[in-house]
Amino acid sequence: MGGQQGHRCSSGLLLLFFFLILLQAQAGRSASSINGEGLALLELKARVEADPHGAVQDWDPMDSSPCRWSGVQCLDGKVEILNLTGQELAGTLAPEIGSLQRLRSLQDDIWLLLLLSSLLPKNNFHGRIPREFVGLSALEVLDLSSNNLDVTIPEELRAMPLLKQL
């Protein structure tokens, strides 16, 4: 009988040990905080009213970086491409996207990256084009076609240094 009791005790300690490891892992995950680029993208997600294809479903605020999220590609840990073209997203554009200073492309044709940059075409965004998009200083082409946006283009966007086509 003593052998069974010792076995139960060691099994209980082993179970407690595994429980504590799981608890610590979960606490570490909860403590992680998303970087500023991730926060900007989460603002876009928060403004999405419809996502019929689950394009932003895996955008998790508990991740420390958005670089593994669907539609997001990074170089050296910085968001450079946001590919949400044709996802039928509906909502309004988040001004915070303008803080993605290294963003070069928001399109689906990566091979055009050096020639052309565009922004969220073929969706159902509505409302105004945020003036804050002037922060996207690496964009060459700003394409908001096939959306339901206000046609008024903020003057600040026309003065973007690399913007060749609006």
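Computed from point charges on the beta carbon alone (+1 for Lys and Arg, -1 for Asp and Glu), the dipole magnitude for segment 36-158 about its Cα centre is near 140 Debye. Computed over segment 123-166, the quotient of the alpha carbon radius of gyration and 2.2 N^0.38 Å is 1.10.
Let's test the formula: R0 of 30 Å, r as the Cβ-Cβ distance of Arg158 and His126. What FRET efficiency results, to the nearest 0.05? For Arg158 and His126, the calculated efficiency is 0.85. Using R0 = 25 Å, the C-beta based FRET efficiency linking Leu166 and Glu43 works out to 0.65.
The phi-based Karplus calculation (6.51 cos²θ - 1.76 cosθ + 1.60; θ = phi - 60°) puts the 3J(HN,Hα) values of segment 122-136 at 6, 10, 10, 6, 9, x, 8, 7, x, 4, 5, 5, 4, x, 7 Hz, whole numbers, x for Gly and Pro. Using R0 = 22 Å, the C-beta based FRET efficiency linking Met62 and Arg102 works out to 0.40.
FYI, it's all coordinate maths here, none of it is from the lab. Predicted, not measured: the structure shown is a model, and the values here were computed from it. Ideal geometry is used to build each Cβ from the backbone, glycine not excepted, and the neighbour counts take in all protein chains shown.
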